[in-house]
Amino acid sequence: MTTSAPKTKEQANIELVRDFIEAFWNQQKLDCMETVLTADYIDHAYQPQTVNGLKQMAIVLNTAFPDQHSTINEIIAQGDKVMVRMTMRGTHLGEFRGTAPTGNRIEANIYREYVIRDGQIAEHWALFDTAALLRQIGAQLSFDNACKIRKASDRSLFGEDTFVF
């Protein structure tokens, strides 16, 4: 008789995040948020920083890239945190950030961090390679909406020019 070892906290958290990515992002089942996210969910990646911000971003991406699919390349957990490195692929079939549909295939890297509390996702951060995606759809990259270094108006404590983002 073989008995399987009980799941660790990390294994359960990885399974939760993997299932959420599959349902929410890949199958576009936005209603899964009701059971997967905590009532006080905070999204550090989207505005507003709430469930609504996450939902609005999903709608934007699902409209612009209706066949989008995110492949998990690596997923690791430590305690209540789960880190995911993934690749989103799709076809540009709807407007995205002012760029009309091109029909171009896209591929962009995404890093996500989740905090799990009581078996639900409580917080989320994301780093999305938006510049690569915009280049692939022929969008004009603008320095006005990118981080840029500018000279600060005052001197540092050491009497040198300081630079800020």
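Coordinate-derived values only; no laboratory data. Here the structure is a predicted model, which is why all the values come from computation and not from measurement. Cβ placement follows ideal geometry from the backbone for every residue including glycine, while neighbour counts extend to all protein chains displayed.
Is the shape of the range 1-121 best called rounded, prolate or oblate, per the rule: a/c under 1.5 gives rounded, else a/b larger than b/c gives prolate, else oblate, with a ≥ b ≥ c the square roots of the Cα gyration tensor eigenvalues? Prolate, because a/c is 1.5 or more and a/b exceeds b/c. Local charge for Arg85 was computed over the other residues whose Cβ lies under 9 Å away, with Lys and Arg +1 and Asp and Glu -1, and equals 0. In order along the range 52-57, the phi-based Karplus estimate (6.51 cos²θ - 1.76 cosθ + 1.60, θ = phi - 60°) of 3J(HN,Hα) comes to 5, x, 4, 4, 5, 5 Hz; Gly and Pro are listed as x. Between Ile121, Leu93, Leu61, whose Cα lies farthest towards the positive end of the dipole of the range 45-142 when Lys and Arg beta carbons carry +1 and Asp and Glu beta carbons carry -1, centred on the Cα centre? So the residue we want is Leu93.
Descending by average beta-carbon neighbour count within 10 Å, the peptides 6-16, 80-90 line up as 80-90, 6-16, the highest first.
3J(HN,Hα) along the range 13-20: 5, 4, 4, 4, 5, 4, 5, 5 Hz, from the Karplus curve 6.51 cos²θ - 1.76 cosθ + 1.60 with θ = phi - 60°, whole Hz, x for Gly and Pro. Under the shape rule built on the C-alpha gyration tensor, where the axes satisfy a ≥ b ≥ c, the range 20-63 is oblate, since a/c reaches at least 1.5 while a/b does not exceed b/c.
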